[in-house]
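Note sheet for the following structure.
Please treat every number below as a calculation from the coordinates, not as lab data. Predicted model, so just to flag it, every value in this text is computed and none were measured. Cβ atoms come from the backbone with ideal geometry, glycine included; neighbour counts cover every protein chain shown.
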Amino acid sequence: MEDLIIIMVTCVTEEEAVLISDGLVKKNLAACVNISGVRSVFYWQGKIENQDEWLLIIKSIRSKFGDIEKYVKASHSYNYPEVIAFDVAAVSAEYADWVRSSCGIESDSKGE
């Protein structure tokens, strides 16, 4: 059984967020990516930054993490893009099957 994960990535522009999201879904690395505007406060190069960013919430499976990380790093404008994964503690069977199927993994359930 493939473990579902949520991956967070922040982007500097909406265009970059859309480009990365489209690529992840087209390559079957992610089933879905939500894009949302956020305000980020962080320490960078000796000072505190406060800027608008675009947050990607990527739904995928654990075995795809390495390829997702590689794709994000190759497509991203930041020197050190955020690529943080969380395990999904609970999920409906139907949604989990859809994520797995969208990522190229056969379903474990019979759709019952």
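Quote the charge dipole size of region 4-102 about the Cα centre in Debye, to the nearest 20; the model charges only the Cβ of Lys and Arg (+1) and of Asp and Glu (-1).
Approximately 300 debye in magnitude.
Considering the options Phe65, Ile35, Ser92, tell which one lies farthest towards the positive end of the dipole of region 4-102, charges being +1 on Lys and Arg and -1 on Asp and Glu at the Cβ, about the Cα centre.
In region 4-102, that residue is Phe65.
Kindly express, to the nearest 10 degrees and within the range 0 to 90, the angle between helix 65-75's C-alpha long axis and the longest C-alpha principal axis of the chain.
40 degrees
In whole Å, what are the extents of region 1-81 along the principal axes defined by its C-alpha atoms, from largest to smallest?
44, 22, 20
Each residue of region 51-58 in order: what ³J(HN,Hα) in whole Hz does its phi give by Karplus 6.51 cos²θ - 1.76 cosθ + 1.60, θ = phi - 60°, with x for Gly and Pro?
8, 6, 9, 10, 9, 9, 10, 9
Over the chain, what is the relative contact order in percent, taking alpha-carbon pairs closer than 8 angstrom and at least six residues apart?
RCO, the chain: 38 percent.
How long is the gain from Phe86 to Val12 if the chain were fully straight, where each residue apart is worth 0.36 nm and the alpha carbon distance is subtracted?
So the extension gain works out to 24.4 nm.
Show me 52-59, 74-81 ranked by packing, highest mean number of other Cβ atoms within 10 Å first.
Going from most to least packed, we get 52-59, 74-81.
Starting from the Cα of Trp44, move 7 Å in the Cα-to-Cβ direction to define the label point; list residues of region 78-97 whose amide nitrogen is under 11 Å from there.
Under 11 Å, as judged by backbone N against the label point of Trp44, lie 78-82 of region 78-97.
Peptides 94-101, 83-90: what's the order by average Cβ count within 10 Å, highest mean first?
Ranking, from highest mean packing down: 94-101, 83-90.
Could you work out the helix-only [θ] at 222 nm for the chain, with each DSSP H run of four or more residues adding -39,500 (n - 2.57) and the total divided by the number of residues, to the nearest 500 deg cm²/dmol?
-9500 deg cm²/dmol
Would you list, by chain and number, the lysines whose Cα falls below 20 Å from the Cα of Lys26, excluding same-chain residues fewer than 8 positions away?
Hits, sequence-local ones excluded: Lys59, Lys64, Lys70, Lys73.
Mind checking the dipole of region 1-46: about its Cα centre, +1 per Lys or Arg Cβ, -1 per Asp or Glu Cβ, Debye to the nearest 20?
Charge dipole of region 1-46: 60 debye, to the nearest 20.
Can you list residues whose amide H is under 5 Å from Thr10's amide H, if they're 5+ apart or on another chain and H is modeled 1.01 Å from N?
Answer set, sorted by chain and number: Leu56, Glu82.
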